[in-house]
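The values are calculated or read from the model by the stated rules, or taken from the named source; none is laboratory data. Only a predicted model underlies this, so the values are computations on that prediction, with no experimental measurement involved. Cβ sites come from the backbone with ideal geometry, for glycine too, and all protein chains shown count toward neighbours.
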Amino acid sequence: MTSLFAAVRPRQDVLVGALTESRFAASLEDVVTGTAPDAYGDADKFFTATYPSTGLRALLNEALGRLSGGNPTAASVIRLETSLGGGKTHNLIALYHAARGRLSRDRVAEFMDAALLPAEPIPQIGVFVGTSTGATTFPAIDGVSPRTVWGYLALQIGGREAYAHVRVDDEKLTAPGSSALKRVFGSKPTLIMIDEIARYYTTARGHRVGSSTLAQQTSAFLMALMEAVDSLPNAVLVITTTGVTDAFGEDTEMVLKAIEEARSLIARKELVLHPSVEADLPKILARRLFEEIPAGTASEVAEAYARAADRAYAAGLDLPQRMTGAGWATAISRTYPFHPSLIQVLDKRLSTIPNFQRTRGALRLLARAIRRLWDTRPENTQLLHVHHIDLADAILAEELSSRLDRAEYEPVIRADIATQPGGTPAHAEEVDARMGGHYARRLATTIYLYSLTRDVPGVQVAELYGAVLEPSDDPNLLQRALDQLEQSAWYLHADIRGLRFSTEASLVKLIQEAEGEISTTEARRQATKILAEQFRDSALKVKRHWEDAKVPDNADDAWLVILHWDDFGDARGVDAGDGVPAKIRELWERTPSGGVREFRNRLVFLAPTAGTHEAMVRAVRKHLALESLRRNSDVLAQLSDGKRDELKEKAKESQLLARVAVCNHVNLLYVPRGNGLEAVELDIATQASVKPNQTDAILERLAAMDKTLSAGDKPLDPVYVRTKLGQVLNSRQTTMELVRAFARRADLKMVLDRAQIVNLLQAGVRNGVWDYHDPERGDEGWATRDRLATAVRLGEDTFIWPPGSAPAPAEQACPFCGQVHPGRGCSGGDGPGPEPDPAERAFRGTGAAGAAFTSARAAAAEAGRHQLHELIIEIDHIGTGAGVELTRLHTMVSATRPATEVTYDIDLRVELSKPGQTAAVQFHGLASDYMPLREAVKQLLQPRQATLKATLRATFVEPLELSGDAVGDLARIANDTGPTKCTITLITEDT
């Protein structure tokens with residue numbers, strides 16, 4: 001796709017920086033006196049850079065139609081109304097040039113009805129600009145220095161001869177009547193243009209005229225003027241006003257009151273025109289800032305943006321409804337080369353600030369931004385976005401802070417958004433540096449411009465994404481950048497109104513300052529306390545090496561030995577690829593007294609991993625800082641109720657995150673395997689997966705490795721055990737020796753439930769692997785394949801023998817049938833065992849989506865599976881935040897993936913604003929049928945309390961390779977944007 005820099009070209013005065021403040025400040029009086037810059041004074045250049053807005057065409061047709069006689073019904077009084085900088089003066093200049101005959105015939109049709117253009121220049125034109133005079137001081141004309149507006153206009157229209165009709169009133173500062181004014185105009189076509197008169201009222205109100213003021217006399221003059229021009233067929237008055245909320249609102253009210261009172265004196269009401277409307281603004285800006293834009297360019301870019309929005313939305317990116325579907329391409333075509341959100345910010349946000357001035361301010365701002373953009377030419381630029389207003393430019397930063405009476409925002413820009421060359425990087429820039437991208441600064445710049453209005457500052461997340469999104473963007477990275485920006489920025493706030501920058505420090509800044517008060521030593525001390533609390537006795541007894549380094553050597557207890565990061569010096573941990581550390585090997589091989597350790601299969605070791613120590617210290621330091629803030633009454637007194645609640649929630653969450661960080665640092669497990677120790681890096685702990693007693697996570701991992709033998713596990717195969725122990729069982733052994741054998745041998749399982757040894761003994765007897773004898777019971781204490789004992793016990797006084805060692809029992813008749821049976825009586829011996837269960841196809845993981853997916857995928861791979869047939873993600877959420885979790889679920893699998901059928905099961909219940917009122921939604925069906933509901937469900941959930949159960953099922957018609965890129969992409973998405981707590985099930989092929 002053609003870049004913006006190849007598709008359009010800025011006007012030369014934009015590229016060279018010639019559009020200075022004076023060039024933007026259009027002055028009608030300077031045009032009249034011939035002192036205006038060429039951009040306004042040269043009619044050809046002026047009309048070349050002027051867009052014929054609806055308001056401008058209406059003005060020219062009405063005013064010139066009446067003056068030429070071509071439109072007898074045209075209004076005699078025309079009022080142009082808009083905010084400051086809204087284009088009033090620009091339109092008056094256009095009317096002045098056209099009335100003077102300077103609108104060339106080959107351009108007329110573009111700006112007005114050619115039939116209404118006067119054949120000759122208008123002979124009598126009077127112009128008054130309220131900002132250029134004092135109350136009674138006006139420029140001399142024809143040797144006369146007038147004292148009033150009416151004297152000044154009369155001299156312009158007809159010199160001394162016309163002035164004579166109002167001379168007495170001019171000298172006395174009293175308003176003339178309409179008869180006198182009609183004599184001033186005579187029979188010639190006359191155009192009167194009055195601009196910014198409300199500003200003149202400000203000075204005129206302080207000048208007394210008898211019992212009234214000069215301002216009141218001016219109002220009387222306006223009434224007489226309107227009556228006079230209305231009574232003459234070829235006279236027109238054009239007057240401008242701003243809104244009553246603008247800087248001169250009180251004086252504007254006086255002007256409007258005079259116009260209202262004059263309505264009863266004239267045959268027609270005044271015609272109120274707006275110089276431009278919202279739809280005109282992008283065209284006005286494009287015409288003034290760029291050379292002619294080639295036809296067809298806009299549609300190509302618009303279609304690319306629309307496709308990108310649809311893709312991002314389908315992938316789960318939150319976007320406004322208007323930015324999806326065919327309508328978005330149309331909207332972009334209308335505003336090209338500007339993004340619609342940029343026009344919205346200029347027209348609806350910045351224009352509400354009095355110091356900005358709608359059209360003039362937008363031109364000044366964009367001219368600077370465009371020049372800088374053309375100097376840097378960033379890749380993949382097709383439209384001008386809000387974020388292309390580069391706040392690293394000192395002038396642009398000043399335009400959007402000090403110049404808008406918001407000087408206090410300048411430090412906000414430097415701290416969080418963009419810094420000037422040589423300064424410390426802003427937080428958004430730091431996020432981009434970490435991510436290796438450019439998303440955070442774009443997001444921050446956009447949020448800032450949406451934040452400058454005082455009435456409704458801020459931007460909703462969906463609107464923000466839509467304003468920033470470009471066709472080449474990765475939606476997942478965009479979301480991740482915003483998450484990191486929220487965690488880093490000092491002045492960024494998020495609430496129900498959306499995201500906004502404020503001069504009030506956010507909790508992020510307070511937390512960072514509090515973190516600076518926490519020493520590394522204090523953080524490590526707290527981390528040690530967390531580590532001690534996190535791992536407690538269960539089926540494994542816990543030995544904290546830093547508290548007691550003496551690990552017993554016996555077959556009774558199984559130990560989890562935890563080593564401290566201080567044991568590894570500056571490295572603060574172990575590299576899993578460097579073999580077994582000497583300290584751990586010594587503990588495993590030697591007893592506390594220095595002898596050779598016998599029972600090595602009763603120990604597992606947990607050590608810190610190299611490279612994760614600082615992350616742990618940061619998390620614990622943040623937790624301590626939040627706890628300190630939460631207990632600080634002075635800090636709490638400065639915060640709003642909402643911020644205090646947020647601080648409380650953050651402190652609670654930080655406690656969990658600190659536990660998670662400690663677990664993720666101390667997560668390298670050394671397990672007896674074969675003839676030595678095997679290093680096993682544990683799964684990453686998450687808020688969802690960390691356990692109240694993390695020793696249970698160690699047990700789960702050992703079980704997954706098939707290392708432990710616990711209650712409920714599949715019984716051991718006695719033949720396998722007999723083979724492993726070999727000659728040991730060729731002679732009589734105590735049953736406790738079997739227990740000790742498991743405690744010695746690293747290649748055997750670690751027995752955590754001795755009942756399993758009892759089961760093993762019984763299974764060995766049943767299968768004829770060995771005989772069992774309890775001497776206390778004499779001959780009845782023997783158990784063999786053909787003669788099972790009622791009970792088997794472990795002890796130093798019970799034995800296992802090689803099979804066939806037991807004496808033959810006396811044959812006895814069956815009490816039921818009277819016959820002698822060699823087996824177990826009438827039952828006929830052992831029957832066939834149950835059919836084995838078919839191999840499992842489903843592999844599950846629970847917790848944060850990334851970890852759950854990884855766990856399920858690893859289990860499937862360990863089971864020898866190769867293909868993924870179905871993916872099922874289930875979430876179960878109660879409370880606020882259900883909308884976020886559902887949005888995260890949407891990101892997991894796109895229905896646009898080839899040969900994929902995606903279905904949703906949604907069951908939710910929402911508490912509405914009034915007690916007792918609820919809403920419920922249930923859905924089961926294809927993703928395509930669910931899409932129309934998606935926006936409604938999102939609005940319903942946020943930010944209310946809700947109970948949500950949702951399942952996404954993706955069936956792959958063409959199975960995916962578990963080790964392939966497609967499943968790798970699913971794993972990445974799960975980690976980046978998947979639900980924070982869920983169950984993920986992978987359905988694989990049959991064995």
Near pairs, Cβ below 6 angstrom, 6+ apart or cross-chain, from the range 964-990 (small (G, A, S)) to any residue that is assigned to a strand (DSSP E or B) and buried (at least 17 other Cβ atoms within 10 Å of the Cβ): A966/L960
Options L365, L350, L319: the member that is touching a Phe, Trp or Tyr at 6+ places or on another chain (Cβ under 6 Å), surrounded by 19 or more Cβ atoms within 10 Å (Cβ to Cβ), closer than 21 Å to H90 by Cβ and in the same structural domain as Y448 (by TED's automatic domain parsing): L350
Please determine whether any residue of the range 242-249 is within 23 Å of T131 (Cβ to Cβ), modelled with pLDDT under 90 and part of a helix (DSSP H, G or I). yes
Here are some conditions: (1) without any contact (Cβ under 8 Å) to a residue 60 or more places away in the chain; (2) closer than 14 Å to T983 by Cα. R934 meets all but one. Which one does it not meet? (2)
State whether the residues of the range 301-318 include one that is on the phi > 0 side of the Ramachandran plot and either assigned to a helix (DSSP H, G or I) or at pLDDT 80 or above (or both). yes
What number of residues within the range 489-500 satisfy the criterion of being buried (at least 20 other Cβ atoms within 10 Å of the Cβ) and not in a strand (DSSP E or B)? 3
Every residue from the range 861-877 that is over 21 Å from A936 (Cβ atoms) and either crowded, with 18+ Cβ neighbours inside 10 Å or not acidic (D, E) (or both): A861, A863, G864, R865, H866, Q867, L868, H869, L871, I872, I873, E874
Inspect the range 685-706 for any residue being at pLDDT 90 or above, within 30 Å of I530 (Cα to Cα), buried (at least 20 other Cβ atoms within 10 Å of the Cβ) and among the basic types (K, R) and give the result as yes or no. no
I'd like to check something: does the range 557-565 contain any residue that is modelled with pLDDT under 95 and under 20 Å from N601 (Cα atoms)? yes
Residue satisfying condition, being touching an Asp or Glu at 6+ places or on another chain (Cβ under 7 Å) and of a type in the set (A, V, I, L, M, F, W, C), within set A571, A610: A610
Residues (of a type in the set (A, V, I, L, M, F, W, C) and closer than 12 Å to L492 by Cβ) located in the range 433-458: A440, L443, A444, I447
Hey, could you check the range 402-433 for residues that are under 19 Å from G361 (Cα atoms) and at pLDDT 90 or above and say which is surrounded by the fewest Cβ atoms within 10 Å (Cβ to Cβ)? E410
Test for V596: is it surrounded by fewer than 16 Cβ atoms within 10 Å (Cβ to Cβ), farther than 18 Å from E513 by Cα and β-branched (V, I, T): yes
Taking the criterion of being in contact (Cβ under 8 Å) with a residue 40 or more places away in the chain, part of a strand (DSSP E or B) and either touching a Pro at 6+ places or on another chain (Cβ under 7 Å) or on the phi < 0 side of the Ramachandran plot (or both), would at least one residue in the range 562-572 satisfy it? yes
Of all the residues that make up the range 730-750, how many are under 13 Å from W770 (Cα atoms) and assigned to a helix (DSSP H, G or I)? 3
Evaluate the following for I447: is it part of a helix (DSSP H, G or I), under 25 Å from T335 (Cβ atoms) and either in the same structural domain as E935 (by TED's automatic domain parsing) or among the β-branched types (V, I, T) (or both)? yes
Here are the criteria: (1) in contact with a Leu (Cβ under 6 Å, 6 or more places away or on another chain); (2) crowded, with 22+ Cβ neighbours inside 10 Å; (3) among the polar types (S, T, N, Q). Tell me which single one N61 does not satisfy. (2)
Of (1) over 26 Å from the mean Cα position of the chain (by Cα); (2) closer than 10 Å to A849 by Cα, T988 satisfies every one except (2)
Which of the residues belonging to the range 399-422 are hydroxyl-bearing (S, T, Y) and part of a helix (DSSP H, G or I)? S402, Y409
Quick check, is L970 crowded, with 19+ Cβ neighbours inside 10 Å and either over 24 Å from the mean Cα position of the chain (by Cα) or not in a strand (DSSP E or B) (or both)? yes
Members of the range 756-776 found to be part of a loop (DSSP other than H, G, I, E, B) and in contact with a Phe, Trp or Tyr (Cβ under 9 Å, 6 or more places away or on another chain), listed by number: W770, D774
Does any residue of the range 534-556 turn out to be in a helix (DSSP H, G or I) and surrounded by fewer than 18 Cβ atoms within 10 Å (Cβ to Cβ)? no
Among the residues of the range 896-920, write down those that are of a type in the set (A, V, I, L, M) and either closer than 23 Å to G325 by Cβ or part of a helix (DSSP H, G or I) (or both). V902, I906
I'd like to check something: does the range 267-277 contain any residue that is out of contact with any Gly (no Cβ under 8 Å at 6 or more places or on another chain) and part of a helix (DSSP H, G or I)? no
Show me the helices (runs of 4 or more DSSP H) found entirely inside the range 51-169 where at least 3 residues are outside the structural domain of M226 (by TED's automatic domain parsing). 54-68, 88-99, 105-111
Could you identify the single residue in D779, D753 that is within 25 Å of L540 (Cα to Cα), in the same structural domain as L716 (by TED's automatic domain parsing) and either touching a residue at least 40 places away in the same chain (Cβ under 8 Å) or in a helix (DSSP H, G or I) (or both)? D753
Could you please let me know if V957 is aliphatic (A, V, I, L, M), part of a strand (DSSP E or B), buried (at least 18 other Cβ atoms within 10 Å of the Cβ) and in the same structural domain as H866 (by TED's automatic domain parsing)? no
Within the range 177-226, tally of residues that are within 56 Å of the chain's Cα centre (by Cα), of a type in the set (V, I, T) and in a helix (DSSP H, G or I): 4
Single unsatisfied condition, A637 versus (1) in contact (Cβ under 8 Å) with a residue 40 or more places away in the chain; (2) surrounded by fewer than 18 Cβ atoms within 10 Å (Cβ to Cβ); (3) more than 20 Å from E533 (Cβ to Cβ): (1)
Which numbered condition in (1) β-branched (V, I, T); (2) in a helix (DSSP H, G or I); (3) in contact with a Ser or Thr (Cβ under 8 Å, 6 or more places away or on another chain) is the only one that V893 fails? (2)
